[in-house]
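Notes to accompany the following structure.
The values are calculated or read from the model by the stated rules, or taken from the named source; none is laboratory data. Everything numeric in this text was worked out from a predicted model, so none of it was measured. Please note: Cβ atoms are built from the backbone with ideal geometry, for glycine as well, and neighbour counts cover all protein chains shown. Ligands, DNA and RNA are excluded from the accessible area calculation, which covers all protein heavy atoms including side chains. Shrake-Rupley method; radii C 1.70, N 1.55, O 1.52, S 1.80 Å.
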Amino acid sequence: MNCELVVAGNLSLDDVSLPDGSRQENVIGGDALYGALGARLWCPGVGMLSRRAGDFSPESLQRCREAGIDLAGVPLFPGASLHSLAVYRADGGRQFTELSPPGTREAMSPRAEDIPPAYRRCRAAFLSALPIDNQRELAEAFHRAGALVLLDPYEGDASGRREAVRDALRWVDVFLPSEEEAVRLLGPLEGERDFEGAARTFASWGPGAVVIKRGAEGCLLYERAEDRFVRLPCRPTRAVDTTGAGDTFGGGLAAGLLRTGKLVEAACCGTISASYAVESFGPQGLFEAERSAAEGRLEAYLKEKRSGEDSGNGN
């Protein structure tokens, strides 16, 4: 496969307890999976960069291949997969419990040495929430190879390693923190002006564009060259499970940038990808999503967006 976009991150096997009392074990997940599934709706050449343990089944790998994801960058490593328990409540809440031994995330996170030669020729790399040392190493490697680099920070590093995150952003083109991660990096933020100021601060650290993910409120986009802000709403849908929505959004946005070259249009692609992620438990909806249907959702979303803009202008 000609790999246009590389999605780097972790793979996991999760136990899921549903509101009806049923339980599913060893459900495949992880930010690398969600990001790649979100990207493949808009880009045919998506490669995954991760490390897999022997407990990640051949059937799970085959399912990824059938979804069109290249796995040349997912070598077998000793050890066990990241593992957590997700308990979903009837009120829509959820609780995660980490079941992996200490050090598992670091051991199973990809590094620059794991990048296959073909992946070094990619046009873009989306670095999901890996430990910051891994992200910095990968960001520099892909940047030096000429790729567009997008980075979604790891929440723990946003709290404790602010300067390391800032240093990594020297190699990044688009930074995608969540609202919570922005607060952890900069302190309390209240109101739109605070978030606009945060976006400008992040852009001053290196990235030409910043996308602050704001959950149900959508996202705030900032482009440094034009000093321009754009706000995008979420696509209205019945959210069943928001796990992986941010990763899916990031993968879709990265693929959208390759498709359009424009940040706003790319974020619309990410918004549609994320809408599939939240409609069912786990990644099932993303595996089943078809590109033609995603195109239809995108067209309807853009039409609604234009209608809202016209109304706002008094037309």
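Peptides 176-183, 282-289, 162-169 ranked from most to least packed, by the mean per-residue count of other Cβ atoms within 10 Å: 176-183, 282-289, 162-169.
Note that region 43-191 presents 45 Å² accessible area per residue, ligands and nucleic acids not counted, probe 1.4 Å. Helical runs (DSSP H, four residues minimum) scored at -39500 (n - 2.57) apiece and divided by the length of the chain put the mean residue ellipticity at 222 nm at -12000 deg cm²/dmol.
Heavy atoms of the protein chains alone define the surface here; on that basis region 192-308 has 43 Å² accessible area per residue at 1.4 Å probe size.
In the context of the full protein assembly, Glu226 retains an accessible surface of approximately 110 Å², using a probe radius of 1.4 Å and ignoring ligands and nucleic acids.
Summarising the strand pairing of the chain, around 45 percent of its internal DSSP beta bridges are antiparallel.
For region 85-147, dividing the convex hull volume of the Cα atoms by the residue count gives 119 Å³ per residue.
If Lys and Arg each add +1 and Asp and Glu each add -1, what is the summed charge of the other residues whose beta carbon sits under 10 Å from the beta carbon of Gly146?
Every neighbour counted, the sum reads +4.
When a 1.4 Å probe is rolled over the protein heavy atoms, the share of accessible surface on the chain that falls to carbon and sulfur comes to 48 percent.
Region 194-232 and region 1-51 have Cα centres lying 26 Å from one another.
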